[in-house]
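> Sending over a structure as structure tokens; questions will come in a sec.
Just so you know, all these numbers are worked out from the coordinates, no wet-lab data involved. Values in this document were obtained by computation on a predicted structure and should not be read as measured data. Heads up, the Cβs are rebuilt from the backbone with ideal geometry, glycines too, and the neighbour counts pull from every protein chain shown.
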Ligand SMILES: [Zn+2]
């Protein structure tokens, strides 16, 4: 963890709340892309609004980050996410050449509905199998961000079990 990580994670947390509120039913997940100490892009999940299963906060942010950067690859950038990225977003980060993924709440901090796979931690898998130049850091402001989500053991109504 770097000293600036908490600063950027707080920005991501506040962006999630500003855009989506703090009710877990609205899945307030936010991501932030930072390069050389400057914010390149930020976003929240838009799966429901856009009827798009790929519109996770990280993907939304990588898309606008690529536009802002003028290149699909944003090498050296750090992607911050208020919740541990799923496999799709982890691989999207690899395609984008991101150097670091920093997340707040991890899969043990939240309800299992946020993660499609039960046994495999994609982040560990990617770190071990393919990428030795992608740094993964979890737990930055984990408790504050976990407050935004359903917790392990929560009774979550079926209609709120959107998986993002
Ligand atoms: Zn995702």
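> Give, as ranges by residue number, the residues of the stretch 86-104 whose backbone N falls under 13 Å from the point 7 Å along Cα→Cβ of residue 133.
Counting only backbone N, you get 94-100.
> Another question, then. Is the shape of the stretch 5-62 rounded, prolate or oblate, going by the alpha carbon gyration tensor and its root eigenvalues a ≥ b ≥ c, with a/c under 1.5 for rounded and a/b larger than b/c for prolate?
oblate
> On a 0 to 90 degree scale, rounded to 10, what angle separates helix 57-69 from the longest Cα axis of the chain?
So the inclination is approximately 30 degrees.
> Order by neighbour count: 115, 91, fewest other Cβ atoms within 10 Å first, most last.
Details: 115 18, 91 14.
Least crowded to most crowded, the residues run 91, 115.
> Calculate the spin-label point distance for residue 94 paired with residue 18, positioning each point 7 Å from the Cα along the beta-carbon direction, and give it in nanometres.
3.3
> Where a ≥ b ≥ c are the square roots of the eigenvalues of the C-alpha gyration tensor, would you call the stretch 44-104 rounded, which needs a/c under 1.5, or, failing that, prolate if a/b is larger than b/c, or oblate?
oblate
> Arrange the following residues from fewest to most other Cβ atoms within 10 Å of their Cβ: 3, 69.
Working: 3 6, 69 18.
Listing 3, 69 from fewest to most nearby Cβ atoms yields 3, 69.
> Let me ask something else. Explain nothing, just the number: relative contact order of the chain, from Cα pairs under 8 Å at least 6 residues apart, as a whole percent.
22
> To continue, here is another question. As a check on your grasp of the helix formula, calculate [θ] at 222 nm for the chain: sum -39500 (n - 2.57) over DSSP H runs of n ≥ 4, divide by the residue count, round to the nearest 500.
Result for the chain: -9500 deg cm²/dmol, rounded to the nearest 500.
> Now a separate question. Determine, for 2, 10, the number of other Cβ atoms within 10 Å of each Cβ, and report the residues in order from fewest to most.
Working: 2 13, 10 17.
Fewest to most other Cβ atoms nearby, the residues stand as 2, 10.
> Further question: With labels modelled as points extended 7 Å from the Cα through the Cβ direction, what inter-label distance (nm, one decimal) is found for residue 154 paired with residue 1?
It works out to 2.2 nm between the two label points.
> Only Cα pairs under 8 Å and at least 6 apart count here; give the relative contact order of the stretch 1-80 as a rounded whole percent.
RCO, the stretch 1-80: 27 percent.
> Measure of size requested: the Rg and Dmax of the stretch 1-107, with Cα atoms as the atom set and Å as the unit; please supply both.
12.5, 37
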